Amino acid sequence: MNKNSSNTMALAPNTSNKRETVCIFGTGDFGRALGHKMIQCGYPVVYGSRSTQISNLIPKDAEVLGHAEAAQKAAIIIIAIQRQHYNFLTPLAEVLRGKVLVDISNNLKLNQYPESNAEYLAQLLPGSKVVKAFNTVSAWALQSGTLDASRQVFVCGDDVEAKQMVMNIVRALGLTPLDKGSLLAAQEIENYPLQLFPMWKFPIFLSLGLTAFFFLYCLALDIIYTYIYENNNFSFFIAITIPNRVCPVMALILLALVYLPGIFAAIIQLYRGTKYRRFPDWLDKWMLCRKQLGLVALAFASLHVVFTLVTPMRAFVSWRTGKGIISQALNNKTEPLNHTNAWISDSYLALGILGYFLFVLLGITSLPSVSNNVNWREFRFVQSKLGYLALILCTAHTLVYGGKWFLSPSAYKWYLPNIYILSLIVPCAVLVVKFVLIFPCVDKPLTKIRQGWERNPKYSE
C-alpha cells in the first residue's frame, strides 16, 4: 500500500518550483545527452544501470544506481534502451507499477515489428503508464542547443495525466510538444524519423526526370545535330551553355507546377458544385508539396543567375567577341547599334531581374520564421498574388528572350522545337486558365462554393 501510495503521490501535478526527479534507464549517447539537458533545466536525474560505477561520460551531477533502486526514486522513467533489451524490465514489473515509462526508441526500418515499441512495452508492463516521446530528437541536437528543425517532440499515450507530465518536461527543456493522441499513434511517430524527406520525394524525382530529359534534348540539338550537319564541335557546351538553358526552363516549369494544382482544384470544385468532397489523392499529394516544388524552382533560378553572371568570362564568348571586332576592323566597317535588339535585350533582362526578385521573396516568406510573423491574408497575398506576378514576369522573360525562334525554321532542328518553346507550354496554360477563372461569371460561383454554398447539398452528408 505504501509503495502504491507513493507512486500515486508522485504522479500528482508538481505545484512547487522544485523539479521532480527523473530516472533514465540507459547510459548511451541519447540517455547521457538527455540527462545533461535535464540537469541544466533543474531536474534531479538518477540513472538506472547494470553498473553503478561512476563514469566520466555520465553527467557529474547525476546519480547512478541499480535499476530497481533508481526506479523507486522517480515517478517518470525514461527508457533509453533498444527494444530487444526490454525483457530485463519484466522482473521490475512490481517496482514500475504506476510509474510513467517514456519510450524513446526507434527502429532500423519502417514498420519493423507488428506493433510499435511503445505498445510492446505497454504489453510487457501493463501496470505502468507508457508514453511515447523524444524519439524525433537527436542526441546531437540536445547537446548543441536544439536547432529549430529538432524542437518539435511528438507525444502520445493512453493516460492523459501521464502524457501531460511528459509534455511539461518537454516544454521545460525548451522543446515544443505535439500531442498525437493515444498510444495507437506510436507506430506513426516511430516511423517519422525513418522517412527521408517525405515531402521532397515527388519534387526531387520530378526535377531529376525533367532535368535529364531537357539536358539530353539540348545535347541532341546543340551538340549532336551541329556536329553531324555543320561539322562543328561544340561539346564544351555541356559545362555551362546547356546547364544555363536547362536551369531557367526547369525554374519556369516548376514554378508553373506550383500553381497548376490550384487551377485543377478550382475546376473540380466548379464541376462538383461543392467544396465538401475530397480531391483525388494525386491532387492532395501534389498540393501538399507545392512549397517544396517552389524551393526547388528557386534553386534552379539561382543557378541560372550564377551561370549567366560567369558567361562573360568564358573563352568561347571572348573568342566570339574578338572575332567580331577583328572582322569589323578588317572590313573597315562599324556596325551601327541595333535599337530593336537593344530594347529586346534590356527588356528581357529587366523582366528576369524583377521575376527573380519576386521568386526570392516567395522563398523567404515560405520560411517558418517569416511565415509565423505574418497573418493569413498577408501570406496569401505574397504566395498567391505576387506568386502569379512572378510567374507572369518569368514567362514574359522567356517569351521576349526566345520569341525570335518561334517562327524561325532554323530553330526546328530535326523538326523539334527549341527548348524555350517547350518551357512555355505549362506556364502559358496556367496563366490562360487563371485569366479565365478571374472573370466575374466564373469567380463569383467559385467564391460562393469556397464559402460553403453547394449546388447539390447531398454531398455534405
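The values are calculated or read from the model by the stated rules, or taken from the named source; none is laboratory data. Just so it is clear, the structure is predicted and the values come from calculations on it, not from any experiment. Please note: Cβ atoms are built from the backbone with ideal geometry, for glycine as well, and neighbour counts cover all protein chains shown. Quick note on the areas: whole protein, heavy atoms, side chains included, nothing else; ligands and nucleic acids left out. Shrake-Rupley method; radii C 1.70, N 1.55, O 1.52, S 1.80 Å.
If R0 is 45 Å, the Cβ-Cβ spacing of ARG97 and ASP281 corresponds to a FRET efficiency of close to 0.50. Summing Cβ point charges (Lys, Arg +1; Asp, Glu -1) relative to the Cα centre of the chain gives a dipole of roughly 820 debye. Only one residue of TYR259, PHE237, VAL249 has its Cα farthest out toward the positive end of the dipole of the stretch 232-308, where Lys and Arg carry +1 and Asp and Glu -1 on Cβ, and that residue is TYR259.
For the stretch 267-338, carbon and sulfur atoms together expose 64% of the accessible surface, with a 1.4 angstrom probe and every protein chain in place. Listed by chain and number, the aspartates and glutamates whose alpha-carbon sits under 19 Å from that of LYS291, ignoring those within fewer than 8 places in the same chain, are ASP148, ASP281, GLU378.
In this simple spin-label model, placing a label point 7 Å from the Cα along the Cα-to-Cβ direction at both LEU361 and SER327 gives a separation of 4.2 nm.
Taking 0.36 nm per residue of separation and subtracting the current Cα-Cα distance, fully stretching the chain between ASN456 and TYR225 would add 77.4 nm. The accessible area of ASP443, taken with all protein chains in place and a 1.4 Å probe, comes to roughly 60 Å².
Measuring against 22 Å, Cα to Cα, the residue pairs LYS333/LYS404; LYS37/LYS132; LYS73/LYS180 contain LYS333/LYS404; LYS73/LYS180 as the ones spanning a longer distance. Of THR395, THR334, THR311, the order by accessible heavy-atom surface (1.4 Å probe, DNA, RNA and ligands excluded), from most exposed downward, is THR334, THR311, THR395. Estimated at the nearest 10 Å², the accessible area of LYS448 is 100 Å² with a 1.4 Å probe. With 25 Å as the limit on Cα-Cα distance, the pairs of LYS285/LYS434; LYS109/LYS285; LYS201/LYS385; LYS285/LYS385 that go past it are LYS201/LYS385.
One way to sum up the overall shape of the stretch 80-142 is the equivalent ellipsoid from its Cα gyration tensor, whose semi-axes run 21, 14, 10 Å, largest first.
Under 15 Å from the Cβ of ASN338, count the other residues' Cβ atoms, weight Lys and Arg +1, Asp and Glu -1, and hand me the total. Don't skip to the end; give the middle numbers.
Details: positive: LYS333, LYS404; negative: GLU335, ASP346.
With Lys, Arg at +1 and Asp, Glu at -1, the neighbours total 0.
The string of couplings for the stretch 107-115 from the Karplus curve (6.51, -1.76, 1.60, θ = phi - 60°) is 10, 8, 8, 5, 6, 5, 10, x, 10 Hz, one whole number per residue in order, with x for Gly and Pro.
As an equivalent ellipsoid, the stretch 237-295 spans semi-axes of 33, 10, 7 angstrom, where each value is the square root of five times an eigenvalue of the C-alpha gyration tensor, largest first. Stretching LYS404 away from LEU124 to a fully extended chain increases their span by 93.4 nm, per 0.36 nm per residue minus the current alpha-carbon distance. For the stretch 22-194, the Stokes-Einstein estimate of translational diffusion at 20 °C and a viscosity of 1.002 mPa s comes to 135 µm²/s, using the Kirkwood hydrodynamic radius over alpha-carbon pairs. Available extension along the chain between SER51 and GLN143 is 30.7 nm, counting 0.36 nm per residue and deducting the alpha carbon span.
Rounded to the nearest Hz, the phi-derived 3J(HN,Hα) couplings of the stretch 409-424 under the Karplus curve 6.51 cos²θ - 1.76 cosθ + 1.60 (θ = phi - 60°) are x, 5, 7, 9, 6, 6, 6, 9, x, 5, 4, 5, 5, 5, 5, 8, where x marks glycine and proline.
Legend: calculated FRET efficiency, SER302 to TYR192, from the Cβ-Cβ distance at R0 = 35 Å, rounded to 0.05, equals 0.70.
Kirkwood radius, the stretch 181-249, all distinct C-alpha pairs, inverse of mean reciprocal distance: 15.3 Å.
Under a cut-off of 16 Å between alpha-carbon atoms, report the aspartates and glutamates in cross-link reach of LYS60, not counting same-chain residues fewer than 8 places apart. Within reach: ASP29. Per-peptide packing, taken as the mean over residues of other Cβ atoms within 10 Å, places 101-113, 335-347 in the sequence 101-113, 335-347 from highest down. Distance between the pseudo-spin-label points of ASN233 and ALA68 (7 Å out from Cα toward the beta carbon): 8.3 nm.
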